[in-house]
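Visitor: Take a look at the following structure, please.
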Amino acid sequence: MVESVSSGPLPRYHQLKEVIRDRIRRGEWSPGDLIPSERELCERYGISRMTARQSITELVSEGLLYREQGKGTFVSRTKIAQQLLRLTGFTEDMRAREQRPGAKVLSAEMWPADDAAAERLRIKVGQPVYRLRRLRLADSEPLALETSCINFIGCERLLDYNLEQHSLYHLLDATFDVPLLEADQELEADLAGELESGLLEVAIGSPVLRTRRVTITRRNQPVEFATSVYRGDTYRFYTRMVRDQR
Ligand code: 16G
């Protein structure tokens, strides 16, 4: 636990950053809390104004704090960092973060594939696929709206399952013997429309992240075409890139 700022080997601004980070991690300062002013930080930790400013500026650019003109500096809401390295589903992601996954089913039906779904699933337009629309929740808080179109022989049997209680990915893998092997995913920034903002509980025009995912099973067969809308204030996608070795 970092409690003080001393003349140790690490620069003081770095130490102060750790002190602040630690207070947030321990829950002493919660999202939305006003943190002490630069002047108060200088007095409390015996550091210069410039050092305090540098720490705060860096934590603001890292997204841990945000400034409000004339009001001060506040603790940001921590975003859910979803890795884009392994193919995982929502339930798995939330459990890994020790959050309670949830779903509200908006509709579950056999639906004639439109142009976009038919192209991605490599089927004819109008072919019936299982379409599931869900509001996804973490600890009862709405995070994303998902529409998954699923196609495999016998996919209508998914209608027998309550997808508020089951993980779709677990059902496909374990019950239907449709292993999910890889996925292509696109990500783009947008603004919440009227319907989405109501369900996600954000103002119309709030930033959102739209994703499109095509998930592949055996024999390179697309089984899922999913379009999702994530709340921009709660999600951060994370990926790692490796440079070609020449
Ligand atoms: C993720 C997937 C979605 C999939 C769902 C299954 C993205 C963009 N989307 O949210 O395609 O249908 O997980 O979740 O990541 P489940 O196994 O909890 O039902």
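Visitor: Computed over the Cα atoms of the stretch 80-176, what is the convex hull's projected area averaged over all directions, in nm²?
Guide: 6.6 nm²
Visitor: Using θ = phi - 60° and the Karplus curve 6.51 cos²θ - 1.76 cosθ + 1.60, what whole-Hz ³J(HN,Hα) does each residue of the stretch 9-21 get, with Gly and Pro shown as x?
Guide: With coefficients 6.51, -1.76 and 1.60, one gets x, 7, x, 5, 4, 5, 4, 5, 4, 5, 4, 5, 4 Hz.
Visitor: Return one number: the angle in degrees, 0 to 90 and rounded to the nearest 10, between the long axis of the Cα atoms of helix 49-61 and the longest principal axis of the Cα atoms of the chain.
Guide: 0 degrees
Visitor: While we're on this one: Where is the GNM fluctuation largest for the chain (alpha-carbon springs, 10 angstrom cutoff): Asp93, Asp177, Asp233?
Guide: Residue with maximal mean-square fluctuation among Asp93, Asp177, Asp233: Asp177.
Visitor: Per residue, how much accessible area does the stretch 149-246 show when a 1.4 Å probe rolls over the protein heavy atoms, in square angstrom?
Guide: For the stretch 149-246, the per-residue accessible area is 61 Å².
Visitor: Checking the cross-link filter: which aspartates and glutamates have an alpha carbon closer than 18 Å to that of Lys104, excluding same-chain neighbours under 8 positions apart?
Guide: Correct list for Lys104: Glu92, Asp93, Asp139, Glu141, Glu146, Asp160, Glu164, Glu196, Glu201.
Visitor: Could you work out the local net charge near Gly72, counting Lys and Arg as +1, Asp and Glu as -1, over the other residues with Cβ closer than 14 Å to its Cβ?
Guide: Spelling it out: positives minus negatives among the neighbours equals 0.
Visitor: Right, here's the next one. Per residue Cα convex hull volume for the stretch 57-97, in cubic angstrom?
Guide: Looking at the stretch 57-97, the number lands at 91 Å³ per residue.
Visitor: Using a 10 Å cut-off on Cβ atoms, rank the peptides 57-65, 146-154 from the highest mean neighbour count down.
Guide: 146-154, 57-65
Visitor: Something else now. Can you compute the charge dipole magnitude of the stretch 48-123 about its Cα centre, using +1 on each Lys and Arg Cβ and -1 on each Asp and Glu Cβ, nothing else charged? Give it in debye, rounded to the nearest 20.
Guide: Approximately 500 debye in magnitude.
Visitor: Continuing with the same structure: In the chain, carbon and sulfur make up what percent of the accessible area (probe 1.4 Å)?
Guide: 48 percent
Visitor: Skip the ligands, DNA and RNA, and give the accessible area per residue of the stretch 1-140 with a 1.4 Å probe, whole Å².
Guide: Heavy-atom SASA per residue in the stretch 1-140 reads 58 Å².
Visitor: Next question. Taking only C-alpha pairs under 8 Å that are 6+ residues apart, what is the relative contact order of the stretch 22-93 in percent?
Guide: Relative contact order comes out at 32 percent.
Visitor: Separate question: Count charges around Val229 for me, please; just the other residues with Cβ under 9 Å from its Cβ, Lys/Arg as +1, Asp/Glu as -1.
Guide: Once all neighbours under 9 Å are counted, the net charge is -1.
Visitor: Also: Test of understanding: what is the full-extension gain from Thr239 to Glu43, defined as 0.36 nm times their sequence separation minus their Cα-Cα distance?
Guide: 66.6 nm
Visitor: How many nm separate the modelled label positions at Glu28 and Met50, each set 7 Å beyond the Cα in the direction of the Cβ?
Guide: Simple spin-label model gives 2.7 nm for this pair.
Visitor: Please list Ile204, Ile24 from largest to smallest accessible area, probe radius 1.4 Å, with all protein chains kept in place.
Guide: So the residues, ranked largest to smallest area, are Ile204, Ile24.
Visitor: Once both labels are modelled 7 Å past Cα along the beta-carbon direction, what's the Gln99-Ser206 spacing in nm?
Guide: Going by the 7 Å Cα→Cβ label model, 1.3 nm.
Visitor: Could you give P(r) for the chain, binned at 5 Å from zero, as whole percent values over all Cα-Cα pairs?
Guide: Reading upward from the zero bin: 1, 6, 11, 14, 15, 12, 10, 8, 7, 6, 5, 3, 2, 0, 0.
Visitor: Per 0.36 nm of contour for each residue apart, how much would the distance between Gln165 and Met110 grow if the chain were fully extended, relative to their Cα-Cα spacing?
Guide: Result: 17.9 nm gained on full extension.
Visitor: For the stretch 171-238, just the Cα set please: Rg and Dmax, both in angstrom.
Guide: That works out to 14.9, 43 Å for Rg and Dmax.
The values are calculated or read from the model by the stated rules, or taken from the named source; none is laboratory data. Just so it is clear, the model here is predicted, and its values are computed rather than measured. Note that each Cβ is placed from the backbone with ideal geometry, even for glycine, and that neighbours are counted across all protein chains shown. The protein model used for the area step is the full one, side chains on, heavy atoms only, and it has no ligands, DNA or RNA in it. Shrake-Rupley method; radii C 1.70, N 1.55, O 1.52, S 1.80 Å.
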